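Worksheet: the structure to be examined is printed underneath.
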Amino acid sequence: MLETIAAVNQAVNNFVWGVPAMVCIIGVGLLLSVRTGFLQIRKFPYAMKVTLGRMLKKKEASDGAMTPFQAVCTALAATVGTGNIAGVAGAIAIGGPGAVFWMWVSALLGMCTKFSEVTLAVHFREKNGNGDYVGGPMYYIEGALKNNKYIGKFAPHLSKIYAVCCVFAMIGGWNLFQINAMTTQITEVTGGDKSFFANQSWLLGLIVAVITYFTIIGGIKAIGKFTSKVTPVMCTLYVASAFVVCLMNIHHLPHTIHVILAEAFKPRAMEGGMFACMLWGFRRAMFANESGLGTAPIAFSAVKTNKPVVQAFIAMLQPFVDTVIVGSATAFVIVVSGVYLQTNGLAGIELTSKAFGTVCPFFPILLTIMASCFVLSTMLCGSYYGIKGWNFLFGDTKLTTRTFQVIYCIFIVIGSAMNFKSIINLSDAFTLFLAVPNLIAVFILSDVVMKELRRYCKKYNVGIFK
């Protein structure tokens, strides 16, 4: 009886949080992809060229701004976190290996969505009272839609709704998920139930909260400097570690690819069928790479540039790196090692740790170090996004900013002691609420995106349109 109730509850959760997310991602992503002629595929090499060129430029950031390299690292740090380690593991444990394929599909469509979001954010950004660039969905919703004959009068309310959702998503989903995964992993490698942290995980949360607070009070430049040093190293180290695990199991790689593709369309009955498999793939992809959430554009708006489309090309690669490279690294390690067949109730970072541990006992310790760095950098970025939503609602003053920073850090301590399954549903709920107002605006403003793209292509002779 209890198993039946649990199954029904899971089905309801899948429908309530999964269906709207899947419809939004597919609908808006497909529309933008068609309108741009699948820009994310046709101009992928160009995006790589632009990104590498900008990242390698020796350029100092002005006060309150970031260099292009720092913006890329900050946006990547926000997405390349435990969502790629614990989130992907959760998708496989609950939705089956086939969920990975749908994460790839989501990332492909999300690349074009991310391109559009950043184009709008940089185009409609403003300067605050301190002379710093600020932007994001709350600004382009209000600034661009206020004269729309259909929803113009609702634009100010919609922008505030997004800002409220952003605050709650960062406080109630973002940092809770990240710190919980970190404390769980540290507890696991230090003895599990016998670990000192088994019943004292809040101490880890407190330590991270203090470190986070004293970093975020330095503003976006301090966050940018931290992520530009940590993110590239940790991403490279994590993918290299996953490559070692796959290399040690190279004879299982063909079967791994077969399982992922086969179960994407014909998953095992115990996983809830193809529908649940798709839902978990899209749910985790939305949380992992942020496409459609409008959060990364907040970071890119702080870059000193007069070329919105250039920043959009750079941002377009973020879902690819985050989901197709880092997320796939996690997925292949879990499937190629075979631990996904023996989850024993493991659904988060513990599953990933167990998969890494099949090759070498010290790998879980290395994973703990990498996950801790990922968690810290991701939470720093989340605090910046939350602050911008908070300031939009209550004003950009030192008092309002400090108030949010204290609340944000308190919730880090709270999240360190919560249950993983409670957090994953809570974070998905807040993520969906964040996506809806943003995707409505991106859908309506797609003409602006196309106008900016055509202007850029004509000026710089980029062959996209005939």
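What order, most packed first, do the peptides 430-438, 103-111 have when packing is the mean number of other Cβ atoms within 10 Å of each residue? Intermediate values should be presented prior to the final figure.
Working: 430-438: 24.1, 103-111: 25.9.
Sorting 430-438, 103-111 by mean packing, highest first, produces 103-111, 430-438.
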Please give the peptides 350-357, 257-264 ranked by average Cβ packing (other Cβ atoms within 10 Å per residue), highest first, as a rough proxy for protection.
350-357, 257-264
By average Cβ neighbour count within 10 Å, what is the ranking of 297-308, 326-337, 442-453, 221-232 from highest down?
326-337, 297-308, 221-232, 442-453
Once phi is turned into θ = phi - 60°, what whole-Hz ³J(HN,Hα) does the Karplus curve with 6.51, -1.76 and 1.60 give for every residue of the range 382-395, x standing for Gly and Pro?
x, 5, 5, 4, x, 4, 5, x, 4, 5, 4, 7, 10, x
Scan the range 102-172 for trypsin sites (Lys or Arg not before Pro) in coil per DSSP, keeping those whose Cβ has at most 10 other Cβ atoms within 10 Å, and list them by number.
K149
I'd like the carbon and sulfur percentage of the solvent accessible area for the range 77-228, probe radius 1.4 Å, heavy atoms only, ligands and nucleic acids excluded.
61 percent
In Å², nearest 10: area of R402 left accessible to a 1.4 Å probe:
70 Å²
Each residue of the range 309-318 in turn: what ³J(HN,Hα) in whole Hz from Karplus with 6.51, -1.76, 1.60 and θ = phi - 60°, glycine and Pro shown as x?
5, 5, 4, 5, 4, 5, 5, 4, 7, 4
Search the structure for amide H atoms under 5 Å from the amide H of Q200, placed 1.01 Å from N in the peptide plane, and list their residues when 5 or more places away or on another chain.
none
For the range 118-182 and the range 308-327, what is the separation of their Cα centres, given in Å?
20 Å
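The values are calculated or read from the model by the stated rules, or taken from the named source; none is laboratory data. Keep in mind the model is a prediction, meaning the values are calculated, not measured. Positions of Cβ are backbone-derived with ideal geometry, glycine not excepted, and every protein chain shown enters the neighbour counts. Protein only, heavy atoms only, side chains kept; ligands, DNA and RNA dropped before computing areas. Shrake-Rupley method; radii C 1.70, N 1.55, O 1.52, S 1.80 Å.
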